[in-house]
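A.B. asks: Take a look at the following structure, please.
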Amino acid sequence: MLKAGKVRALGAMSGTSLDGVDAAVVETDGETIFGFGETRYRAYSAADRAVLRAALGKWPGADLDAPARVVQVAHVDALSGFDAVDLVGFHGQTLAHDPRGRGTHQLGDGAALAEALGVPVVWDFRSADVAMGGEGAPLAPFFHFACARWIEAAGPLAFLNLGGVGNITWIDPAKPRPDTEGALLAFDTGPANAPLNDLMQERLGQDCDRDGALARRGQVEDGALELFLDDPYFFRMPPKSLDRDAFADMIGLVRELSDADAAATLTAMAAAAVMRGMEHCPAPPERLLVTGGGRKNPVMMQMLATALDCPVLPVEEVGLDGDMLEAQAFAFLAVRVMRGLPTSCPSTTGVRAAVGGGEVSYPLPGDDEA
Ligand SMILES: Nc1ncnc2c1ncn2[C@@H]1O[C@H](COP(=O)(O)OP(=O)(O)OP(=O)(O)O)[C@@H](O)[C@H]1O
Ligand SMILES: CC(=O)N[C@H]1[C@@H]2OC[C@@H](O2)[C@@H](O)[C@@H]1O[C@H](C)C(=O)O
């Protein structure tokens, strides 16, 4: 087991939007952040994305040779050639997530990646949490706690990730550790960009509503918004988590609307889901720091700002990198796993007791470093 001390960890995250792999270096002992290092983005090609999309919803045991190759090649590309990396945190590509049923499935082979890179790889971060009754997600909250310390936050604050799915972490930075009672509350708020991206693909053949250009021209359909907010997910107490396509039917609610009105309504749904989520915060946060691609959508950000009582700011306002925060999270968590520290606790995933997930694979002796 790794002793306390500064480690250069390289994290890799490929999110639910299937755009590519983010890679980022963090210097940390798994408790304190000492600094952030080099970052890289390796996009999936259109062909890669089609292969991964076809594999969504599949579980181990299915024929996954083609998507597994896509994941391996993209990660070797993304993670090779970084300076003096001590270990890698490899999230893998989530294909399916059903924590109360079949479990959670992140495609990727950490042993093969350790072989290819020549450094230890920590992977399969979510299974242990699910096995102990947890949601297996979100896992970034322990890193968000360290970020709150890094930015020297004094009062309660919240991080919001607007990816394919949205997830929020409320933090009391005055607590000594992330697994101290009352330090964190975390959960998936609801769908964020995934349904909007699906709409844009279906109607206009575009990846997303870039800069909110289409939604800006539309009107929100309040009836559809109300129906959406009736979903039982919003009445469940946190912790709770979602599969990417859990709300795929939302497009049905806007089917009769014009392109612009449908985009405006789906954007409003993403913001309203966050507003509902904020009602669970143990104390009002002083600010909501937004990470993930949704922070680049000014219409979504404006809707959030209008709906909430606290300032809504992109994480860049406090010197963090909103494109890389999740990759950095898995670098940080990898160090925690190596040190035998927990990566989730009852208030972040609903797990029975604080648990350290993750499997460690080592390269065979004699392999060169990445
Ligand atoms: N300029 C922009 N305007 C509007 N939307 C944008 C913009 N840039 C990114 N996005 C949205 O953000 C999405 C990507 O977000 P992100 O990279 O955080 O997702 P992810 O990490 O794959 O998802 P998750 O966090 O759910 O795993 C894009 O698919 C798009 O919908
Ligand atoms: C199962 C899974 O991959 N969940 C992702 C997804 O993307 C956003 C949200 O849903 C979050 O719960 C999680 O990712 C982030 C990185 C997390 O675990 O904190």
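The values are calculated or read from the model by the stated rules, or taken from the named source; none is laboratory data. Treat the numbers as computed from the prediction; the structure is a model and nothing was measured. We place every Cβ from the backbone using ideal geometry, glycine too, and count neighbours over all the protein chains shown.
A.B. asks: Report whether or not Thr348 is in the same structural domain as Arg40 (by TED's automatic domain parsing) and among the hydroxyl-bearing types (Ser, Thr, Tyr).
C.D. replies: yes
A.B. asks: Let me ask you something else. May I ask you to list the residues in the stretch 20-58 that are among the basic types (Lys, Arg) and in contact with a helix residue (DSSP H, G or I) (Cβ under 7 Å, 6 or more places away or on another chain)?
C.D. replies: Answer for the stretch 20-58, where residues must be among the basic types (Lys, Arg) and in contact with a helix residue (DSSP H, G or I) (Cβ under 7 Å, 6 or more places away or on another chain): Arg40, Arg42.
A.B. asks: Can you name the residue in the stretch 157-183 that is within 13 Å of ligand 1 (Cβ to nearest atom) and not in a strand (DSSP E or B) and, of all such residues, is nearest to Glu286 (Cα to Cα)? Before you say what the answer is, go through the steps one by one.
C.D. replies: Taking the stretch 157-183 as the starting set, the residues that turn out to be within 13 Å of ligand 1 (Cβ to nearest atom) are 159-169.
Imposing the further condition that a residue be not in a strand (DSSP E or B) reduces the set to 163-164.
Working: Gly163: 22, Gly164: 25 Å.
If we take residues in the stretch 157-183 being within 13 Å of ligand 1 (Cβ to nearest atom) and not in a strand (DSSP E or B), then Gly163 is nearest to Glu286 (Cα to Cα).
A.B. asks: Let me ask you something else. Given the condition outside the structural domain of Ser344 (by TED's automatic domain parsing), part of a loop (DSSP other than H, G, I, E, B) and either among the hydrophobic types (A, V, I, L, M, F, W, C) or under 30 Å from Ser45 (Cβ atoms) (or both), answer yes or no: does some residue in the stretch 220-231 qualify? I'd like the intermediate steps shown before the answer.
C.D. replies: Of all residues in the stretch 220-231, those outside the structural domain of Ser344 (by TED's automatic domain parsing) come to 220-231.
Add one more test, that the residue is part of a loop (DSSP other than H, G, I, E, B), and what stays is 220-221, 230-231.
From what is left, the residues that are either among the hydrophobic types (A, V, I, L, M, F, W, C) or under 30 Å from Ser45 (Cβ atoms) (or both) are 220.
Looking through the stretch 220-231, at least one residue is outside the structural domain of Ser344 (by TED's automatic domain parsing), part of a loop (DSSP other than H, G, I, E, B) and either among the hydrophobic types (A, V, I, L, M, F, W, C) or under 30 Å from Ser45 (Cβ atoms) (or both).
A.B. asks: For the stretch 223-264: of the residues being hydrophobic (A, V, I, L, M, F, W, C) and in contact with a Ser or Thr (Cβ under 7 Å, 6 or more places away or on another chain), which is farthest from His105 (Cα to Cα)? Show your work before the answer.
C.D. replies: Kept after step one, since they are hydrophobic (A, V, I, L, M, F, W, C), are these residues of the stretch 223-264: 224-225, 227-229, 234-235, 237, 242, 246-248, 250-251, 253-254, 257, 260, 262-264.
Checking which are in contact with a Ser or Thr (Cβ under 7 Å, 6 or more places away or on another chain) leaves us with 224-225, 254, 257.
Numbers: Ala224: 32, Leu225: 31, Val254: 30, Leu257: 35 Å.
Among those residues, the one meeting the criterion is Leu257.
A.B. asks: Quick check on Pro138: is it more than 23 Å from Pro232 (Cα to Cα) and either within 15 Å of the chain's Cα centre (by Cα) or part of a loop (DSSP other than H, G, I, E, B) (or both)? Outline the logic, then answer.
C.D. replies: Numbers: more than 23 Å from Pro232 (Cα to Cα): no; either within 15 Å of the chain's Cα centre (by Cα) or part of a loop (DSSP other than H, G, I, E, B) (or both): yes.
The answer is no for Pro138.
A.B. asks: Does at least one position in the stretch 149-164 carry a residue that is modelled with pLDDT under 95, crowded, with 24+ Cβ neighbours inside 10 Å and assigned by TED's automatic domain parsing to the domain that holds Pro282?
C.D. replies: The answer is yes, given that some residue of the stretch 149-164 is modelled with pLDDT under 95, crowded, with 24+ Cβ neighbours inside 10 Å and assigned by TED's automatic domain parsing to the domain that holds Pro282.
A.B. asks: Tell me, yes or no, whether the stretch 88-108 has at least one residue that is of a type in the set (Gly, Ala, Ser), more than 19 Å from the chain's Cα centre (by Cα) and crowded, with 18+ Cβ neighbours inside 10 Å.
C.D. replies: No, because not a single residue in the stretch 88-108 is of a type in the set (Gly, Ala, Ser), more than 19 Å from the chain's Cα centre (by Cα) and crowded, with 18+ Cβ neighbours inside 10 Å.
A.B. asks: Determine whether Ser45 is closer than 20 Å to Asp323 by Cβ, at pLDDT 95 or above and polar (S, T, N, Q).
C.D. replies: On the way: closer than 20 Å to Asp323 by Cβ: yes; at pLDDT 95 or above: yes; polar (S, T, N, Q): yes.
The answer is yes for Ser45.
A.B. asks: May I ask you to say which residue of Ala215, Ala270 is more than 16 Å from ligand 2 (Cβ to nearest atom), surrounded by 24 or more Cβ atoms within 10 Å (Cβ to Cβ), closer than 25 Å to Leu18 by Cβ and at pLDDT 95 or above?
C.D. replies: None of the other options fit; the residue is Ala215.
A.B. asks: Something else now. Here are some residues: Ala116, Ala112, Ala192, Ala186. Which one is surrounded by 24 or more Cβ atoms within 10 Å (Cβ to Cβ) and either closer than 22 Å to Gly20 by Cα or among the charged types (D, E, K, R) (or both)?
C.D. replies: Ala192
A.B. asks: Hey, among Met324, Met301, which residue is crowded, with 19+ Cβ neighbours inside 10 Å and free of Cβ contacts under 8 Å to residues at least 60 places away in the same chain? Talk me through it step by step, then tell me what you get.
C.D. replies: On the way: Met324 fails: free of Cβ contacts under 8 Å to residues at least 60 places away in the same chain.
Going through Met324, Met301 in turn, just one is crowded, with 19+ Cβ neighbours inside 10 Å and free of Cβ contacts under 8 Å to residues at least 60 places away in the same chain: Met301.
A.B. asks: Let me ask something else about it. Of the residues Ala154, Ala186, only one is not in a loop (DSSP other than H, G, I, E, B) and not acidic (Asp, Glu); which?
C.D. replies: Every option except Ala186 fails the conditions.
A.B. asks: Which of the residues that make up the stretch 301-350 are over 23 Å from Val274 (Cα atoms) and aliphatic (A, V, I, L, M)?
C.D. replies: Those that are over 23 Å from Val274 (Cα atoms) and aliphatic (A, V, I, L, M): Ala331, Leu333, Ala334, Val335, Val337, Met338, Leu341.
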